[in-house]
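K.L.:
Below: one structure in structure tokens.
The values are calculated or read from the model by the stated rules, or taken from the named source; none is laboratory data. Keep in mind that this is a model prediction, so the values were computed, not measured. Ideal geometry is used to build each Cβ from the backbone, glycine not excepted, and the neighbour counts take in all protein chains shown. For the accessible areas, the whole protein counts, side chains as well, though only heavy atoms, and no ligand, DNA or RNA atoms are used. Shrake-Rupley method; radii C 1.70, N 1.55, O 1.52, S 1.80 Å.
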Amino acid sequence: MSGTVLDRVIGAAPTPGHHLRVARLDGTTSIELADLHARAGRLAAALHAEGIRAGDRIGILAANGLEWVLLDLAALHLKAVTAGFEPGKFEADGGLIERYGLRTLFTDRPATGPGIRAISEVTALAARPGTIPPARWERQEATTIKFTSGSTGEPKGLAASAGSIDGSLRAVQQMFAHGPADDIFVFLPLSLLQQRYWVYSALAYGHDVTISSYAAVFAVLRRTRPSVVMGVPGFFETARRHIEEQARRGGTDPASAARALFGDRIRYLWTGSAPAAPATLEFFDACGLPIYEGYGLNETCIVSKNCPGASRRGSVGRVLPGKRVIIGDDGVISVHSDDPVGLGYTYAAPGESERIFGPDGTVRTGDLGHLDEDGFLYIEGRADDVIVLDNGRKVIVRPIEERLRASPLVAQAVVFCPTQSHLVAVLSPTGSVDRSALAAHLSAANAALARDEQVRRVVVADEPFSIDNGLLTSQYKPRRKQIFARYAAAITAKGDGVHVQ
């Protein structure tokens with residue numbers, strides 16, 4: 001295979017006619033991909049003139065925007081290494097520069113100090129005349145430092161190889177054939193590497209891409225009329241509730257309400273990073289908006305994906321070319337990659353790399369699963385979320401949490417076992433709490449579960465889990481340790497039934 005997709009991204013200018021759009025609440029700005037490519041090249045030349053060289057680290061701590069994209073592409077052009085920091089999780093200060101070995105840090109936060117620059121400077125830098133030949137990436141070379149979502153403590157840093165990005169992009173293009181009619185909608189933080197994939201895809205394969213944000217997503221979807229929406233289960237579950245409410249209020253069918261929200265050009269919806277509720281997947285399929293679930297980790301990139309012509313409900317799809325899934329005797333999934341993301345963490349506590357990575361980059365995921373006879377992968381839960389009761393029975397919490405989330409009253413459910421004798425669930429409500437309706441839902445859920453799997457006590461959170469209150473990660477995953485710490489007294493209290501905080 002000659003060259004990587006990244007070489008194509010920063011090489012020849014893309015065919016005119018396609019655009020990158022930035023959609024905000026106050027309007028949408030648009031730039032032709034050919035112009036984006038040219039500006040990124042000038043920015044690379046300007047940074048090179050200031051002394052930035054291959055291997056230097058450029059930190060970016062800012063909200064999604066054109067400047068973020070330009071810096072990332074300019075770094076690829078220079079063979080510099082980006083480090084994307086999620087706002088709210090990191091502070092823009094000199095400590096960040098020192099801790100992560102940054103040559104410079106661009107930010108939209110109010111911060112000053114050696115090496116710290118306002119990201120607004122990017123516009124002027126990208127306007128300076130100048131050229132520099134684009135770098136050529138070797139597959140094993142690190143392009144960026146990416147960080148875990150931080151659901152279990154301080155984020156770990158991992159240097160991602162050019163080959164791992166190339167393999168993912170080629171496989172996705174083979175499955176979904178993104179082309180001139182497509183506009184891929186991205187709203188998760190660009191500090192998450194996979195969100196930048198779709199900018200690379202637009203430049204390499206010739207389609208539009210729209211970048212937005214959490215705050216604007218529901219307001220701008222219909223206005224931007226994307227063909228593909230890249231999301232996570234928490235987002236699609238929120239969208240489902242919104243659609244159902246709009247359908248009730250407007251006296252229309254859910255399919256019409258879904259089109260009113262997402263626009264009239266949706267080809268498919270993409271979900272991953274956490275398990276999706278089966279009812280939510282079925283809902284969007286029934287609305288005529290095909291939704292495809294997949295599986296992957298920061299440490300592995302995309303491992304498997306359902307796609308048109310190869311989709312099996314309940315699975316996370318077939319394993320991608322270049323990946324091999326190994327199921328251990330304990331049921332735990334390990335993933336071998338032809339092009340590993342890396343051979344270990346760049347930043348993590350002592351022993352973490354050895355616990356997760358094999359010498360060849362094989363990753364022990366900690367997830368339980370199996371492959372069916374047709375090669376579709378099924379995820380059964382987390383090995384560390386298997387509860388061993390005092391009677392010796394093992395209980396996997398994921399199916400229980402999915403059953404609890406099946407109610408429109410419940411946004412999230414996290415199951416604990418504080419005494420090893422019975423299960424307690426903390427529920428994040430979708431709105432005002434109807435105690436009797438929740439009690440009926442708990443009773444129905446328990447009736448479908450084995451005795452040891454039944455939830456004896458439910459604690460209803462005093463406010464919905466959110467990113468802002470620290471109970472969800474940036475990818476809408478519940479943060480179990482933080483949830484337990486916040487509701488420990490209620491979780492460990494005596495008494496059965498539904499308890500509202």
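K.L.:
Take the conditions more than 17 Å from the chain's Cα centre (by Cα), open to solvent by less than 70 Å² (accessible area, probe 1.4 Å) and at pLDDT below 85 and apply them to V460. Does it pass? I'd like the intermediate steps shown before the answer.
P.N.:
On the way: more than 17 Å from the chain's Cα centre (by Cα): yes; open to solvent by less than 70 Å² (accessible area, probe 1.4 Å): yes; at pLDDT below 85: no.
Criteria not met by V460.
K.L.:
Given (1) open to solvent by 10 Å² or more (accessible area, probe 1.4 Å); (2) in a strand (DSSP E or B), where does V303 come up short, assuming only one miss?
P.N.:
Every condition holds for V303 apart from (1).
Conditions (1) outside any helix (DSSP H, G or I); (2) at pLDDT below 95; (3) of a type in the set (D, E); (4) more than 19 Å from the chain's Cα centre (by Cα), marked per residue:
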| position | (1), (2), (3), (4) |
| --- | --- |
| R313 | yes, yes, no, yes |
| D329 | yes, yes, yes, yes |
| H336 | yes, no, no, yes |
| L368 | yes, yes, no, yes |
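K.L.:
Whether any residue in region 199-207 is open to solvent by 20 Å² or more (accessible area, probe 1.4 Å), of a type in the set (F, W, Y), touching a His at 6+ places or on another chain (Cβ under 9 Å) and at pLDDT 95 or above is what I want to check.
P.N.:
Checking region 199-207: at least one residue is open to solvent by 20 Å² or more (accessible area, probe 1.4 Å), of a type in the set (F, W, Y), touching a His at 6+ places or on another chain (Cβ under 9 Å) and at pLDDT 95 or above.
K.L.:
So if I check each of E67, E32, E86, E98, which one is within 19 Å of V22 (Cβ to Cβ) and at pLDDT below 95?
P.N.:
On the way: E67 fails: at pLDDT below 95; E32 fails: at pLDDT below 95; E98 fails: within 19 Å of V22 (Cβ to Cβ).
One residue alone meets the criteria, E86.
K.L.:
Report, by residue number, each residue of region 406-425 that is assigned to a loop (DSSP other than H, G, I, E, B), touching a helix residue (DSSP H, G or I) at 6+ places or on another chain (Cβ under 7 Å) and touching a residue at least 40 places away in the same chain (Cβ under 8 Å).
P.N.:
Initially, region 406-425 is screened for residues assigned to a loop (DSSP other than H, G, I, E, B), giving 406-409, 417-422.
Add one more test, that the residue is touching a helix residue (DSSP H, G or I) at 6+ places or on another chain (Cβ under 7 Å), and what stays is 406-409, 418.
Across region 406-425, the qualifying residues are A406, P408, P418.
K.L.:
Identify all residues within region 402-429 that are among the acidic types (D, E) and either modelled with pLDDT of 90 or more or on the phi > 0 side of the Ramachandran plot (or both); write none if there are none. Show your work before the answer.
P.N.:
Applying the first criterion (among the acidic types (D, E)) to region 402-429 yields 402.
Scanning region 402-429 gives no hits.
K.L.:
Could you figure out which of (1) modelled with pLDDT of 95 or more; (2) under 21 Å from the mean Cα position of the chain (by Cα); (3) surrounded by 19 or more Cβ atoms within 10 Å (Cβ to Cβ) isn't true of Y268?
P.N.:
So Y268 meets the others, but not (3).
K.L.:
Moving to a separate point now. Write out, first by first residue and then by second, each pair whose Cβ atoms fall under 6 Å of each other, whose residues are 6+ apart or on separate chains, and whose first residue, in region 255-282, is within 30 Å of T148 (Cα to Cα) and assigned to a helix (DSSP H, G or I) while the second is open to solvent by less than 20 Å² (accessible area, probe 1.4 Å) and of a type outside the set (D, E, K, R).
P.N.:
F262/L221; T280/F236; L281/I291
K.L.:
Mind telling me which of the residues A490, A485, A439 ends up being open to solvent by 40 Å² or more (accessible area, probe 1.4 Å), more than 27 Å from I243 (Cα to Cα) and not in a loop (DSSP other than H, G, I, E, B)?
P.N.:
Just one listed residue meets the conditions, A485.
K.L.:
Examine region 292-307 for a residue that is in contact with a strand residue (DSSP E or B) (Cβ under 7 Å, 6 or more places away or on another chain), closer than 19 Å to E380 by Cβ and of a type in the set (F, W, Y), and state whether such a residue exists.
P.N.:
Yes, region 292-307 contains a residue that is in contact with a strand residue (DSSP E or B) (Cβ under 7 Å, 6 or more places away or on another chain), closer than 19 Å to E380 by Cβ and of a type in the set (F, W, Y).
K.L.:
For the subset of region 370-405 comprising residues that are assigned to a loop (DSSP other than H, G, I, E, B) and small (G, A, S), which member is most open to solvent (accessible area, probe 1.4 Å)?
P.N.:
First, pick out the residues of region 370-405 that are assigned to a loop (DSSP other than H, G, I, E, B): 372-375, 389-393.
When the remaining residues are screened for being small (G, A, S), the result is 375, 392.
Values: G375: 27, G392: 50 Å².
For region 370-405, the residue satisfying everything is G392.
K.L.:
For region 31-44, give me the residue count where each residue is among the hydrophobic types (A, V, I, L, M, F, W, C), surrounded by fewer than 21 Cβ atoms within 10 Å (Cβ to Cβ) and more than 14 Å from A12 (Cβ to Cβ). Spell out how you get there, then give the answer.
P.N.:
Restricting attention to region 31-44, the residues satisfying the condition of being among the hydrophobic types (A, V, I, L, M, F, W, C) are 31, 33-34, 36, 38, 40, 43-44.
Next, from what is left, pick out any that are surrounded by fewer than 21 Cβ atoms within 10 Å (Cβ to Cβ): 31, 34, 38.
Filter again for more than 14 Å from A12 (Cβ to Cβ), leaving 31.
Within region 31-44, residues that are among the hydrophobic types (A, V, I, L, M, F, W, C), surrounded by fewer than 21 Cβ atoms within 10 Å (Cβ to Cβ) and more than 14 Å from A12 (Cβ to Cβ) number 1.
K.L.:
Could we say that H499 is open to solvent by 20 Å² or more (accessible area, probe 1.4 Å) and assigned to a strand (DSSP E or B) here? Quick ask: steps written out before the conclusion?
P.N.:
Numbers: open to solvent by 20 Å² or more (accessible area, probe 1.4 Å): yes; assigned to a strand (DSSP E or B): yes.
In short, yes.
K.L.:
Show me the strands (runs of 3 or more DSSP E) found entirely inside region 1-113 where at least 2 residues are free of Cβ contacts under 8 Å to residues at least 60 places away in the same chain. Before you say what the answer is, go through the steps one by one.
P.N.:
Values: elements: 19-24, 27-32, 57-61, 81-85, 104-107.
Counting at least 2 such residues, we get 27-32, 57-61, 104-107.
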